[in-house]
1. For the range 294-427, what percent of Cα pairs sit more than 24 Å apart?
2. Considering only DSSP beta bridges where both residues belong to the range 73-335, give the percentage that are antiparallel (nearest 5).
3. Need one number: the % of Cα-Cα pairs in the chain sitting beyond the 36 Å mark.
4. According to a simple spin-label model (label point 7 Å from Cα along Cα-to-Cβ), what is the distance in nm between residue 445 and residue 85?
5. So between residue 344 and residue 97, what do we pick up on full extension, going 0.36 nm a residue minus the alpha carbon distance?
6. How many percent of the alpha carbon pairs in the range 73-335 exceed a separation of 33 Å?
7. Going by C-beta contacts inside 10 Å, put 239, 69, 402, 263 in order with the fewest on the left.
8. With a bin width of 5 angstrom, please list the P(r) values of the range 163-264 as percents of all Cα-Cα pairs, from the 0 bin to the one holding the largest distance.
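Each reported figure results from applying straightforward, stated rules to the coordinates on display, with no laboratory input. Not measured: the values here are computed from a predicted model. Glycine also receives a Cβ, built like all others from the backbone with ideal geometry; neighbour counts cover every protein chain displayed.
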Ligand SMILES: *Cc1c(COP(=O)(O)O)cnc(C)c1O
């Protein structure tokens, strides 16, 4: 039996329909311990809603690739899917089928060799990070199986990547005990050099990971050259080193804007690809995808076969129960936008990025280090040697509400401080122009500061007393303390290298 607790009528707060007229807004919040009593649902909503107002506005967060706007119709579907457990495949066969449709759509978008009636191999994940863990595990297992069969040691696996990889690759390496061999970056080259990468490949290399859309600069790595060099090395050595493409951000850019660019399953050594549905897949945070080229590229011993009411359900994710909203939202975008819609969105993003880049160049203060081809973002450094300027501009822009990360580059390029503005679907020309005018204002402030040096400040503590008789003033003020205050310069680093992941 359900017991309903009826509040006492003499409780004035309960009788009042207006949260702000109730005692709830005056009582301290239970923060770290469960409160003793219940409170009304509208009070609970209002209190939490109000406190969250102090978070930055996601739409002004130019640090992140992750989607911050979707159509209201899709918001509705998201609410409808939130109480369906994605792991209950047998209970929610339509959701499972929708996931399979998404896997197949993406696999074909990436030119996987799947015949007309065939099913692609892949799975929906929480994001690219989980997708990369799964792809990495598959490579590790395949390599181990091969080494075992050949009677060779299999305890020192490594992956070759550029030093520009996202933090999740470091996580994979540490969690799953694989050495990460990083190709260092150098001045003017902010992505993995394929020649150097292939030189680093040895018999223990489980795969080379190339990035389509470097997190730091948005640049695409040259996967085709990597593929060709590695084919030659494999032939020479008799090894079978494959390629994974981390297309977290670029996977939904390249097929629409650069269909001729060969970076995907058209290249024979590319065995798996990950992409973030919640970046340019245009879905809110919480969805990513990993696609394998063929069934053989996903070792059978990583797949669990669950027997649900007599039906065989294969499962191979690291996460288990979660809501179905993101998967449904991804399918909504595919259905709603189609190829044409995605292409239009990406073209608009590129156009906004161009407006931004040109505006930043016009200030004469910056060197742009992102390329014209790549993910729609602008990465730039201050001309000259003062790296503190990037961090100071970043904090000046926060005063206008914009979040623009400043970070130092990875090993060998630590002397470079980079600012990065990511363009998402919901950042159109009017916002871009307003942003540029704020950058110009912020630069003026930095210049004023530089002219006068740090402004000396004095803190004066005064005590107010009653006005002296006949003085005509309202109060007397007596100085009780004078202190000089050292001007502090705060440089906020939102991300430095990959130990503080920008995503
Ligand atoms: C964002 C990103 C990731 C991590 O993706 P999530 O979807 O946030 O887990 C991995 N690699 C690259 C290149 C990225 O840009």
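1. On the way: 4945 of 8911 pairs.
Looking at the range 294-427, the distances longer than 24 Å represent 55 percent of pairs.
2. Working: 18 of 34 bridges.
Expressed as a percentage, antiparallel bridges in the range 73-335 total about 55.
3. Details: 56009 of 126253 pairs.
Summing the P(r) of the chain above 36 Å gives 44 percent of all pairs.
4. It is 5.0 nm.
5. Working: separation 247, 0.36 × 247 = 88.92 nm, distance 2.77 nm.
My answer for the length gained is 86.2 nm.
6. Values: 6407 of 34453 pairs.
Beyond 33 Å sits 19 percent of the P(r) for the range 73-335.
7. Working: 239 17, 69 13, 402 22, 263 27.
With the fewest neighbours first, 239, 69, 402, 263 line up as 69, 239, 402, 263.
8. Histogramming the range 163-264 at 5 Å steps yields 2, 12, 23, 24, 21, 13, 5, 1 percent.
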